[in-house]
Amino acid sequence: MGKLKGLAVMMVAVLASTAWGQVLMQKTEVTGGYTYGSLDQNGAGRLNSNGWNTGATTSINRWLGVEGNVAGLSSSNSASFTSGGTTFGGSASDKHYTFVFGPRFTFGHGRVNPFVHTLVGLDRETFKFSQASSSGTFSSNASDNAFASALGGGLEYGLTEHFGLITGSDYLMTRHGSATQNNIRVQAGVSYRFGSGWEQSKK
């Protein structure tokens, strides 16, 4: 009897979680696309970076949702010169992976949906440097995890029942090396809405 009760409880839990998952999927959209970043180098100018972004938003009601976003930015430079008959070459790369989440506030209820969001989380920076010459090769790398926040918004436009376009920009603040970096990022891509798609935004 005890085993039957345990099996019954497990079945109810599975059914409940499945039903809850279906409800969430009916109100969820996923996005992905291109990201451009202008990264603050703390007194050494700004660094132009390119990369990608992906994310998901689950709507709580017509105007409030919970958003999660993951983005990657990278840049690289290389140079070489000859001195005393010896050629020297070097390269450096800087990569950022940002993981943030928080509330999204949507103001449109049709196919045109402007929104703002306040996202917080983590930024992981990895820096690699290498130098080569006739005498050998030297390389080093370092990484750092820091607090990140993205404050901004954008515009989403529904093309079909489920597919749309999305674009936006953020003030991206990070705290690497006990200093504050005031970064800007711009994103553009596509979105996919589950459930009734763009029709649900009219309800």
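The values are calculated or read from the model by the stated rules, or taken from the named source; none is laboratory data. What you are looking at is a predicted structure, and each value in this text was computed from that prediction instead of being measured. For the accessible areas, the whole protein counts, side chains as well, though only heavy atoms, and no ligand, DNA or RNA atoms are used. Shrake-Rupley method; radii C 1.70, N 1.55, O 1.52, S 1.80 Å.
Converting phi to 3J(HN,Hα) with the Karplus coefficients 6.51, -1.76 and 1.60 and the offset θ = phi - 60°, segment 166-175 yields 9, 9, x, 8, 9, 8, 9, 9, 10, 10 Hz in sequence order, with x at every glycine or proline.
Derived scalar couplings between HN and Hα for segment 115-130 equal 8, 10, 8, 10, 10, 10, x, 10, 10, 10, 10, 10, 10, 10, 9, 9 Hz in order, rounded to whole Hz, by the Karplus curve 6.51 cos²θ - 1.76 cosθ + 1.60 (θ = phi - 60°), x for Gly and Pro.
How much length, in nm to one decimal, is gained on full extension between A44 and S76, taken as 0.36 nm per residue of separation minus their Cα-Cα distance? Provide the component values of the computation, followed by the final result.
On the way: separation 32, 0.36 × 32 = 11.52 nm, distance 1.57 nm.
So the extension gain works out to 9.9 nm.
Across the accessible surface of segment 113-174, with the other protein chains kept in place and a 1.4 Å probe, carbon and sulfur atoms take up 62 percent.
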